[in-house]
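See structure below.
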Amino acid sequence: MSFDDLDVQLGPAVWAMLQPAAKRALERAIQDRGVPMVVNSAYRTIAQQLILYNHYRNSRCGIPIAARPSRSNHQSGLAIDISDYLSWRPYLHITAC
């Protein structure tokens, strides 16, 4: 389900989709912290993950880490990549994100 109705700032290529339980946990984290979250990446298809993984393997585009296709939680709508992770971490752990 879409999470673009939450207090988030989405990067230009973000497909803002999450599983319902993940969206609820994300909403709680955002409400608890009280500031918008900057989301750099969210749902990805297997094809998108393959491209990202190949860039990672070939040291392209500054990709620091990427899971193999079919092993990424992004493909199942259970993961997002965000800016300022360290500041968000306590709120994400409290809500089990």
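Close amide-amide hydrogen proximity is noted between Arg44 and Gln75, Gly77, each under 5 Å apart and 5 or more residues distant or on a separate chain (H modeled in the peptide plane; Pro and chain starts excluded).
Considering the chain as a Gaussian network with a 10 Å cut-off on Cα pairs, which listed residue, Pro20, Pro36, Pro12, attains the greatest mean-square fluctuation? Top of the fluctuation ranking is Pro12.
For region 1-82, chymotrypsin sites (Phe, Trp or Tyr not before Pro) are listed when DSSP marks them as loop and at most 13 other Cβ atoms sit within 10 Å of their Cβ; the list is empty. Let me see the P(r) profile for region 56-97: every Cα-Cα distance counted, bins of 5 Å, each bin given as a percent of all pairs. Over region 56-97, the share of Cα pairs per 5 Å bin runs 5, 18, 19, 23, 22, 10, 4, 0 percent.
Among Gln19, Pro90, Ala67, flag the residue with its Cα farthest along the positive direction of the charge dipole of region 8-94, charges on Cβ as +1 for Lys/Arg and -1 for Asp/Glu. Checking the options against the dipole of region 8-94, the answer is Ala67.
Per-residue Cβ neighbour counts within 10 Å put Met17, Met37, Met1 in the sequence Met1, Met17, Met37, beginning with the fewest.
Only the Cβ atoms of Lys and Arg (+1) and of Asp and Glu (-1) were treated as charged; on that basis the dipole of the chain about its Cα centre amounts to roughly 460 debye.
Using the rule -39500 (n - 2.57) for each DSSP H run of four or more residues, divided by the residues of the chain, the 222 nm mean residue ellipticity is -11500 deg cm²/dmol.
Our analysis of region 8-94 gives Rg over Rh at 0.98, with the two radii drawn from alpha carbon positions and Rh computed by the Kirkwood formula.
Every read-out reported here was derived from the displayed coordinates using simple, explicitly stated rules and does not represent laboratory data. Values in this document were obtained by computation on a predicted structure and should not be read as measured data. Reconstructed Cβ throughout: ideal geometry from the backbone, glycine too, with neighbour counts over all protein chains shown.
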